[in-house]
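Student: Starting off with a structure, shown below.
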Amino acid sequence: MQTRDDIFNTLRDALVEHFELEPERVNLDSNLYQDLEIDSIDAIDLISHIKRQTGKKIAAEEFKSVRTVSDVVEAVYRLVQPAP
């Protein structure tokens, strides 16, 4: 089971590697679109990366409400939790 910290670290590494961001710019409060300058094409790439890492896809509808790195962490956390 992945913790939120594990998810954040994996996500930060992906943002740094794929979008050439400085690691210090990526924190839980960072806004994907304003602070990190992620555009809609980048968001699709991020969804694809998450799917490759988890084997599960975040629904596009759910990703539309994502604004911050913390929102992505929470969405992935819910995705990887086992069904009760």
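The values are calculated or read from the model by the stated rules, or taken from the named source; none is laboratory data. Since this is a predicted model, take the numbers as computed values, not measurements. Note: ideal-geometry Cβ built from the backbone for every residue, glycine included; neighbour counts use all protein chains shown.
Student: If a residue must be in a loop (DSSP other than H, G, I, E, B) and exposed (fewer than 13 other Cβ atoms within 10 Å of the Cβ), how many such residues does region 11-32 contain?
Tutor: Counting residues in region 11-32 that are in a loop (DSSP other than H, G, I, E, B) and exposed (fewer than 13 other Cβ atoms within 10 Å of the Cβ) gives 3.
Student: Further question on the same structure: Restricting to region 67-78, name every residue that is crowded, with 16+ Cβ neighbours inside 10 Å and more than 14 Å from Leu11 (Cα to Cα).
Tutor: none
Student: From the residues in region 31-63 that are of a type in the set (Ser, Thr, Tyr) and under 13 Å from the mean Cα position of the chain (by Cα), which one is nearest to Ile7 (Cα to Cα)?
Tutor: Among them, the one singled out is Thr54.
Student: Name the residues in region 1-10 that are at pLDDT below 95, surrounded by 13 or more Cβ atoms within 10 Å (Cβ to Cβ) and among the hydrophobic types (A, V, I, L, M, F, W, C), would you?
Tutor: Answer for region 1-10, where residues must be at pLDDT below 95, surrounded by 13 or more Cβ atoms within 10 Å (Cβ to Cβ) and among the hydrophobic types (A, V, I, L, M, F, W, C): just Ile7.
Student: How many residues are surrounded by 15 or more Cβ atoms within 10 Å (Cβ to Cβ) and charged (D, E, K, R) if we restrict to region 46-66?
Tutor: Counting residues in region 46-66 that are surrounded by 15 or more Cβ atoms within 10 Å (Cβ to Cβ) and charged (D, E, K, R) gives 0.
Student: While we're looking at this one, here's another question. If I filter region 1-30 down to residues being under 12 Å from the mean Cα position of the chain (by Cα) and basic (Lys, Arg), which single residue comes out as farthest from Val76 (Cα to Cα)?
Tutor: Of everything passing the filter in region 1-30, Arg12 is farthest from Val76 (Cα to Cα).
Student: Something else about it: If you check every pair at least six apart or on different chains, which have Cβ atoms under 7 Å apart with a residue in region 64-84 that is more than 15 Å from Asp5 (Cβ to Cβ) first and a residue that is loosely packed, with under 13 Cβ neighbours inside 10 Å and not small (Gly, Ala, Ser) second?
Tutor: Matching pairs, first to second residue: Thr68/Asp29; Leu79/Lys56.
Student: Asn27 fails exactly one of the following numbered conditions: (1) touching an Asp or Glu at 6+ places or on another chain (Cβ under 7 Å); (2) touching a residue at least 40 places away in the same chain (Cβ under 8 Å); (3) not hydroxyl-bearing (Ser, Thr, Tyr). What is the number of that condition?
Tutor: (1)
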